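Student: Pasting a structure here, questions to come.
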Amino acid sequence: MPSRQQQFSDLFPNEPAFRWRQIEQAFFVPTIRSWDGVTSLSKDMRAALAVLPWMTVAADRVMAGASKDTHKALLTLGDGQVIETVLMENARGELTICVSSQVGCAMRCGFCATGRMGLKRSLDADEIIDQYRFWQHFLEDNKHRGGLHSDFSAIPPRISNIVFMGMGEPLANYENVKTALNVLLAQTDLGPTRITVSTVGVLPRLEQMLTDKTWPHVRLAISLHSAIAETRKQIVPTSYDDFLPRLADWARRYLTILGNRRHHLTFEYVMLNGVNDTDDHARALAAFVRSIGNVKCNLIPYNLTDCEFARSEDSRIERFLRILENAEVTATRRRTMGDDIAAACGQLIVLSGKTA
Ligand code: SF4
């Protein structure tokens, strides 16, 4: 399907460029809910634009976690496919959204519910952007109703971070993700350090972004899950024998070009009982990180889906963390949010329109 901007150009080939910018600005005003609300356009133009979708996603269902700090939405796309997106609120009332980049995923990571769906299709840029807009509308509609964890009656709710950690591998949908990132950076108050793209490590695309002048350098998180090739292949079946040395080489060049306090890399590491959580794995991870430089490690307590892996014991995660810290590797443990509504990392799956 052509993008909304393309459809607009087809309908109005002689309009000046600023006209689309006016429309795009209106897209991000949470109180404007239809073309009729874009009063900077003539009445005739608004009527003609009614054939274009104001929103490319429609809420099927929104579920709230018990403490109302996590919400998961099932969104239906124009062709009937369903994706999931998540809103998380931390103790300070800061709001992060997790967006999807594909319907399903082809990467088949062993612990991940989405991987079991297979890849249905990639999202277009409008469908990615509209997940942000969906949450803007949701927050606007719920700020006075007590549906959120924090009280937003004095300070309006504001999305302060976006993570591309929902369904799909963002770098397998490089061009659409790039377009969406550029629009989000232009039309919201978020800077590049407030947006994180999480990837399993698609090396050709990681290489491409080093020289791509139109790729916005938002933060990157690489799903490493093991610094031992054999273990990584067990968890990420699309991994290959020389992946780790090639990733290390890429990461050194990335940090040479972009490395500073604002542009560190993060390695995500899901903790799987008896699989990648031994002392040897911790030492291998420390050595791998130290061979690269300014990389942070984020340990993720595994969220159970019905598969072969189990979550590491808390004491094991703490020991793993201490080994990394003793090796002077910066490491944190991610707080788990939303597991009661299957909204946590690795739990997003849509099967026949139902949430697993
Ligand atoms: S963890 Fe990410 S890359 Fe792996 S299967 Fe799940 S969605 Fe795809």
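Student: What lysines does residue 296 reach when the alpha-carbon gap must be under 29 Å and sequence neighbours fewer than 8 apart in one chain are set aside?
Tutor: 72, 178, 213, 233
Student: In addition: Dipole size in debye (nearest 20) for the range 58-99 around its Cα centre, Lys and Arg Cβ +1, Asp and Glu Cβ -1?
Tutor: 140
Student: Could you work out Rg/(2.2 N^0.38 Å) for the range 4-49, with Rg from alpha carbons only?
Tutor: On the way: Rg = 10.1 Å, N = 46, 2.2 N^0.38 = 9.4 Å.
With N residues counted in the range 4-49, Rg over 2.2 N^0.38 Å equals 1.07.
Student: Could I ask something else about it? If you average 1/r over every pair of different alpha-carbon atoms in the range 148-258 and take one over that average, what Kirkwood value in Å do you get?
Tutor: About 15.8 Å for the range 148-258.
Student: Once you mark the trypsin sites (Lys or Arg not before Pro) that are in a DSSP loop and have at most 16 other Cβ atoms within 10 Å, what is the longest gap between them in the chain? List each step's numbers first, then the result.
Tutor: Details: sites that count: 33, 68, 92, 108, 145, 158, 213, 261, 262, 334, 335.
Of all site-free stretches, the longest is 263-333.
Student: For the chain, compute the orientation-averaged projected area of the C-alpha convex hull (one quarter of its surface), in nm².
Tutor: Its Cα hull, projected and averaged over all orientations, spans 18.3 nm².
Student: So if the hydrodynamic radius of the range 1-137 is defined as the Kirkwood radius over C-alpha pairs, what does Stokes-Einstein give as its diffusion coefficient at 20 °C and 1.002 mPa s, in µm² per second?
Tutor: Translational D for this selection: 128 µm²/s.
Student: Using the Karplus curve 6.51 cos²θ - 1.76 cosθ + 1.60 with θ = phi - 60°, what ³J(HN,Hα) values do you get for each residue of the range 38-48, in whole Hz, with x for Gly and Pro?
Tutor: 8, 6, 6, 9, 5, 4, 5, 5, 4, 5, 5
Student: Let me ask something additional. Under a straight-distance cross-link criterion of Cα-Cα below 18 Å, which aspartates and glutamates are reachable from residue 43, leaving out those fewer than 8 residues away in the same chain?
Tutor: 15, 24
Student: What do you get for Rg/Rh over the range 29-104 if you use C-alpha atoms and the Kirkwood form of Rh?
Tutor: Reported Rg/Rh (Cα atoms, Kirkwood Rh): 1.09.
Student: Mind listing the phi-derived Karplus ³J(HN,Hα) values for the range 30-35, rounded to whole Hz, using 6.51, -1.76 and 1.60 with θ = phi - 60°, and x for any glycine or proline?
Tutor: Along the range 30-35, the couplings run x, 8, 8, 10, 7, 4 Hz.
Student: While we're here: Roughly speaking, what is the centre-to-centre gap between the range 100-138 and the range 273-334 when only Cα atoms are used, to the nearest Å?
Tutor: Their Cα centres are 26 Å away from one another.
Student: What stretch of the chain, leaving out the sites themselves, is the longest with no GluC sites (Glu not before Pro) in a DSSP loop having at most 14 other Cβ atoms within 10 Å?
Tutor: It runs 95-307.
Student: Which value, in debye to the nearest 20, describes the size of the charge dipole of the range 4-49 about its Cα centre when Lys and Arg Cβ atoms bear +1, Asp and Glu Cβ atoms bear -1, and nothing else is charged?
Tutor: Around 120 debye, computed over the range 4-49.
Student: Straight-line reach from residue 68: which lysines have a Cα under 23 Å away, not including same-chain ones fewer than 8 places off?
Tutor: The qualifying lysines are 143, 354.
Student: So who's got an amide H within less than 5 Å of the one on residue 121, skipping anything under 5 residues away but keeping other chains? H placed 1.01 Å off N, in plane.
Tutor: Residues meeting the amide H criterion: 103.
Student: Taking R0 as 51 Å, what's the FRET efficiency between residue 314 and residue 34 from their Cβ-Cβ distance, rounded to 0.05?
Tutor: Working: r = 49 Å, r/R0 = 0.97.
My answer for the efficiency is 0.55.
Student: Rounded to the nearest 500 deg cm²/dmol, what is the calculated helix-only ellipticity per residue at 222 nm for the chain, with -39500 (n - 2.57) per DSSP H run of length n ≥ 4?
Tutor: Value at 222 nm, helices only, nearest 500: -10000 deg cm²/dmol.
Student: Calculate one ³J(HN,Hα) per residue across the range 50-59 by plugging θ = phi - 60° into the Karplus curve 6.51 cos²θ - 1.76 cosθ + 1.60, and present them in order as whole Hz with x for glycine and proline.
Tutor: 4, 6, 8, x, 5, 10, 9, 10, 10, 5
Laboratory data are not the source of any read-out in this text; all were calculated from the coordinates shown. Since this is a predicted model, take the numbers as computed values, not measurements. All Cβ positions, even for glycine, are placed from backbone atoms using ideal geometry, and neighbour counts span all protein chains on display.
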